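Please treat every number below as a calculation from the coordinates, not as lab data. Only a predicted model underlies this, so the values are computations on that prediction, with no experimental measurement involved. Cβ coordinates were reconstructed from backbone atoms using ideal geometry, including for glycine residues, and neighbour counts include every protein chain displayed.
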C-alpha cells in the first residue's frame, strides 16, 4: 500500500495493477444504498497521514500529512461506490462506505474515517461549477516579475517585467482542478493546479500565482519631473479644433470568422464643446471624430464585417493609459464609465469620464465614428491626451491587443507591446 500511495502522490499511472484491484473490489462489493453526497467531505486514513477529499463536480484530491495538495482528479459514482480516476482516466482506487456511512474502505482494504480539512489545505474541491470565468483576469507570479493574463474568450498571454508579451495561446480546459493552456510555439500544454479561488500553481515548476487586479508595470522613467510624454519624445500634438489628421492604417476590417483581415487609412480630429470649472472640478465635453474614406473600406461598404478603430485617453505627466475599450459598435455612456487615480502635483487626484460611440455617414466619407466624452478632472489639470493608434497587423495581433485592453489599463504610453506610440496621433486638451 505504501508503494501505491507514493505512486499516487507522484501522479503516476498504475493501469494494470490498479484496474485489476478495482475490478476485484467491484465483484466483492455489495451495494450499500448510499447517495453520492454521503461521500463528500474529508477522509483520513487510519494507518497513514494522507487525507482524501471528495466534492461536488466529481472531483477528488489527495493531501499529504502537511496539508499540501499531492494530486487532484475526477471520479465516477456507480451507485455502489466511488471510482477515483488517474490522469489517463483509469481506476486508481475504488472506495465503499459501510452501512453506517462513517467508515470508508478502499480497494486495498485500508479504512478511512471522516475528518476535518488539513489546516494548511485550501481545497479547490470546495468550489462548485468552476469555469473559465473563474480564471479570467490577471495572475501574478509569487517569485518573479511576470504575469499570466486570461480573457473571457479563452485566450491567454504572459507578460514580463518590461511589459512585453512573451507567449500567447488558448485555454483548453478550465475547471475545479485547474487550467490546461495550449502553447502554440511549442505545440504543448501548460498546466496549473487550482489551490484556492485566488491561487494557482504551475505544475512544471511548482511556482504559485496569485489573482491580482491588474498588471502593475512601472511608468516611464523621467528626470527632474519631466512629463512622461516628453521623456518618450511624444511632443508632436495635433491641435484640438484644428481639423482632421491622417492616421495610416488606423482602421481594421474583418468578418466574424476572421477569414480575412484588412487595414485602411483614416482621419481623426478632436472637437472641444465645453470647458468650465465648478467647485474645483474642471468639466470637459469633447468628441473624437474619425472619418473613414470609402476607399479604406472593403467592397460591400461595411456590411457583413467589423470596422474597428483604436482611440484611448492618456495622462500627459505619467504617461498612464486611462481606458481599455476599442471602438467597434455603438455604445452609450452608461456602458462606458471610468474612474482613475493619478499622481498630479504631488498628490493623488481623480479623473472620471464617460463616453459613447456612434457610427454614421457624412458627405463623401464611407463611415464616420463619433466618440463623445464628458470628463471631470482637477481644476487646474491640463494633461488629458486623446490618442488614436494604428490598427494591429493581423488578427493574431488583434487578439493580443484586445487582451491587453482587458488586463493593463494602467500601462504607460511607451510600454504597450501591441501599440506603436510613434505611429499614433495625439491631441492634448490643455
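Taking a ≥ b ≥ c as the square roots of the eigenvalues of the Cα gyration tensor of the range 34-76, is the shape rounded (a/c under 1.5), prolate (a/b larger than b/c) or oblate?
On the way: a/c = 2.75, a/b = 1.50, b/c = 1.83.
Note, shape of the range 34-76 comes out oblate.
In terms of the Cα gyration tensor, with a ≥ b ≥ c the square roots of its eigenvalues, is the range 331-395 rounded because a/c is under 1.5, prolate because a/b exceeds b/c, or oblate? Kindly include the intermediate steps, with their values, before the conclusion.
Details: a/c = 2.41, a/b = 1.92, b/c = 1.26.
In terms of gyration-tensor shape, prolate.
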Study note, to complete from the structure: Final fewest-first order of 349, 269 on the 10 Å Cβ neighbour count is 349, 269
Revision key, fill the gap. Exposure-ranked with fewest Cβ neighbours within 10 Å first, 422, 376 stand as 422, 376
Check your understanding: So how much slack lies between residue 422 and residue 396, counting 0.36 nm per residue of separation and subtracting their Cα-Cα distance, in nm?
Key -> 7.2 nm
Check your understanding: Most exposed first by the Cβ proxy, i.e. fewest other Cβ within 10 Å, how do 86, 106, 153 rank?
Key -> 153, 86, 106
Review point. Using a basic spin-label model with each label point 7 Å from the Cα along Cα→Cβ, how many nm lie between residue 283 and residue 66?
Key: 6.1 nm
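Between residue 306 and residue 113, 0.36 nm times their residue separation minus their Cα-Cα distance comes to what? List each step's numbers first, then the result.
Values: separation 193, 0.36 × 193 = 69.48 nm, distance 5.98 nm.
Full-extension gain reported as 63.5 nm.
Assuming R0 = 30 Å, what is the FRET efficiency of residue 164 and residue 352, from their Cβ-Cβ distance, to the nearest 0.05? Present the calculation step by step, with values, prior to reporting the outcome.
On the way: r = 31 Å, r/R0 = 1.03.
Taking R0 as 30 Å, the efficiency between residue 164 and residue 352 is 0.45.
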Study note, to complete from the structure: Between residue 262 and residue 189, Cβ-based FRET efficiency (R0 30 Å, step 0.05) works out to 0.35
Review point. Given 0.36 nm per residue, what is the gain on full extension from residue 212 to residue 336 after removing their alpha carbon distance, in nm?
Key: 42.4 nm
